[in-house]
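Visitor: This is the structure I have questions about; it appears just below.
Since every read-out is calculated from the coordinates, none of them should be taken as a lab result. From a predicted model like this one, the values you see are computed outputs, not experimental measurements. Positions of Cβ are backbone-derived with ideal geometry, glycine not excepted, and every protein chain shown enters the neighbour counts.
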Amino acid sequence: MKRSVHALALSSAAVLCTAFPVLADDKIDEICAEAEERYAEIFGAPSSEADGVTIVKMYKYNFCPGELVVPVGTTVRWVNVDKRTSHSVILPNEPESDRAFPEESVEFTFLTEGDQEYLCGPHWETQKMIGMVTVTSK
Ligand SMILES: [Cu+2]
């Protein structure tokens, strides 16, 4: 009897765990769609048309997209499309970037292959503002 109660508790915990990220993803998709609108408003063209760089937007304590796969040698430009908040980028084994204030950006060229998790200095701890770049061979 005790065992089945325990099993039930475990299975409802599992349901909760799988349901939460789905909701979170929807919310992030919404935020990132808004971020892209802000980008196009500010720069007059979609971020996909940026010349020679891959754009990551920083908006409402998220990196958009949060995960990126790029070939080695790619320059990523993180653009702050927020109205008030400033952000930064901390890559593994690199000093923290300058603060990017609204409509400003920071750039980094990836010369090393592999997964590189990065953080926003002021917001990674409190808001989980964390991103990932996977750098592949050319
Ligand atoms: Cu931030």
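Visitor: Under a 5 Å amide H to amide H cut-off, with H placed in plane at 1.01 Å, what residues pair with residue 134 once short-range neighbours are removed?
Guide: 68, 69, 70, 116
Visitor: Rounded, prolate or oblate for the range 28-135? Axes are the square roots of the Cα gyration tensor eigenvalues, ordered a ≥ b ≥ c, and the cut-off for rounded is a/c under 1.5. The partial results should precede the final answer.
Guide: Details: a/c = 1.58, a/b = 1.16, b/c = 1.36.
Here the range 28-135 falls in the oblate category.
Visitor: Could you work out the local net charge near residue 137, counting Lys and Arg as +1, Asp and Glu as -1, over the other residues with Cβ closer than 14 Å to its Cβ?
Guide: Details: positive: 138; negative: 113, 115.
Summing Lys and Arg as +1 and Asp and Glu as -1 gives -1.
Visitor: Extending each Cα 7 Å along its Cβ direction at residue 40 and residue 113, get the distance between those two points in nm, one decimal.
Guide: 3.6
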